[in-house]
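The values are calculated or read from the model by the stated rules, or taken from the named source; none is laboratory data. Note that the structure is predicted; figures quoted are calculated from it, not measured. No Cβ is skipped: glycine too gets one built from the backbone with ideal geometry, and neighbour counts run over all protein chains shown. Heads up: the accessible areas ignore ligands, DNA and RNA and are worked out on the full protein's heavy atoms, side chains in. Shrake-Rupley method; radii C 1.70, N 1.55, O 1.52, S 1.80 Å.
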Amino acid sequence: YPTPKDFFPVLDELIRHHDEPVRMPSTFSHWHVFQAAKGNVIVTLDGQGADELLGGYRYYYPSYLATLMRDGLRHLDAAKLRLFFEARRDLKKYVGANYGRDTLRLLLPDVLVDAKRVLRPEHRWQETVLSRAFVERAGSPRTELPRMFPDEFTQHLFETFSATNLPMILDFEDRISMAFSLEARVPFLDYRLVEFCFGLPYEQKMHGYRNKTILRDAFRDVLPEAVYNRKDKKGFPTPNEHWFRKELKKDLLGIFSSTSLKEHGVFDQAKVLDIFKRHVDGENHERILWRVLSSELWMRKYFG
C-alpha cells in the first residue's frame, strides 16, 4: 500500500527514468506494481491495448452514440435507435448526470452536422494552465489523422490506438518496467489480433452500455458474473486526488506558488493556483495538477 511519504521519492524516480515530464498519474501505480514484481518474475503479461481495440474507456461512448444515431436514422433501424437511448440512459446512471449534461449534448442537428465537435470535445488542458507567452513560442504540435474508418466510433478507436492514448501508455510501461529490469509483454497487441479487432463491426465491440462485448462473451464461462457484467469501470486509480487535498497540500502549494515555477515561464501561476484551490475545495483536477507538478520538478532537475 503506497503512502504519501512514497509520493515525491517515486515521482523523482519516474522523472529520472522518463527523462521528461510524466503525463499520467497512473504511472505512480504502475511503478508500485513493477516494484512488487521485481524478484518474483522476469516477464509480465499486461493488458495494454484491449481498451483501445474494444472501446473500454468511458470517453468512447459519445462517438459510439453518434454512430448509433447516424446509422439508425440513415437506415431507419429501430433497434439501433433503441440502443442509442438505452446506452444514453445507462451512461448517465453509471457515470453521472454532469457527464451526461456536459459531454452528451445530444442535439440531433448538431450530431448530424459535426459529431466529433459536439460529442467528443477535446479537453485542451494545456490552455487552462500554460502561460500565453509559452503557447505563442511553442505553437500547437497536434496534427489531424487521416480518416480511416467510415463510422465515428471506430475512427475514435483508431486515433487513440495509433496516435494518442496507447502510444503514451506503452512509452511509460516500457520505461517503468525497464527501471526494474523486467520485460513487459502485451499480447493484445499481436498484429493479427489488432487486424482482427479493427475488422470487426462496431456492434461486437460496444453494444448499448456494454463495452468490450466480444471479449466479455469469449470469457463468459470463465469470468465471475460480477466481472462479466461489470459496468463501473475503474482504470488504474491512484490516491493522489485525495493526497493533494490533505497530506500533500502544503508541499504542493509551496511548489505551485514558488518563484521557480513563475520564472520558468511555462505555466500561468495564477491559473495553476486557482485550479489547485478548486481541487482542494472538492473539484477533481488531479490530472492537470500532476502534469504541472511533474513538469515543474523536471525543469528543476535538468534546468535549475
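The fraction of Cα-Cα pairs per 5 angstrom bin, counted from 0 for segment 155-251, comes to 2, 9, 13, 17, 18, 17, 12, 7, 4, 1, 0 percent, rounded to whole percents.
Model label points for residue 247 and residue 287, set 7 angstrom from Cα along the Cα-to-Cβ axis, are 2.4 nm apart. Placing unit charges on each Cβ (+1 for Lys and Arg, -1 for Asp and Glu) gives the chain a dipole about its Cα centre, and among 134, 288, 146 the Cα reaching farthest toward its positive end belongs to 288. Which net charge results when you count Lys and Arg as +1 and Asp and Glu as -1 among the other residues whose beta-carbon is under 12 Å from that of residue 68? Around residue 68, the surrounding residues sum to -1. A Stokes-Einstein calculation at 37 °C with viscosity 0.692 mPa s, built on the Kirkwood radius of segment 1-46 over Cα pairs, returns a diffusion coefficient of 284 µm²/s. Only one item in [x] 23.1; [y] 21.5; [z] 20.8 matches Kirkwood radius over Cα pairs in Å derived from the coordinates shown, and that item is [y]. For the pair residue 40 and residue 303, a Förster radius of 35 Å applied to the C-beta separation gives a FRET efficiency near 0.40, rounded to the nearest 0.05. Tell me, what does the Kirkwood hydrodynamic radius of segment 225-304 come to in angstroms if you use every pair of distinct C-alpha atoms? After inverting the mean inverse Cα-Cα distance, the result is 14.0 Å. Solvent-accessible area assigned to carbon and sulfur over the chain amounts to 56 percent, based on a 1.4 Å probe.
In this structure the chain gives 55 Å² per residue of accessible area when probed at 1.4 Å with all protein chains present. When you count the other C-beta atoms within 10 angstrom of each residue and take the mean per peptide, 64-75, 216-227 line up highest first as 64-75, 216-227. Label positions at residue 263 and residue 230, each projected 7 Å from the Cα along the C-beta direction, are separated by 4.8 nm.
Under a 5 Å amide H cut-off, with hydrogens placed 1.01 Å from N, residue 184 pairs with 44 among residues at least 5 apart or on other chains.
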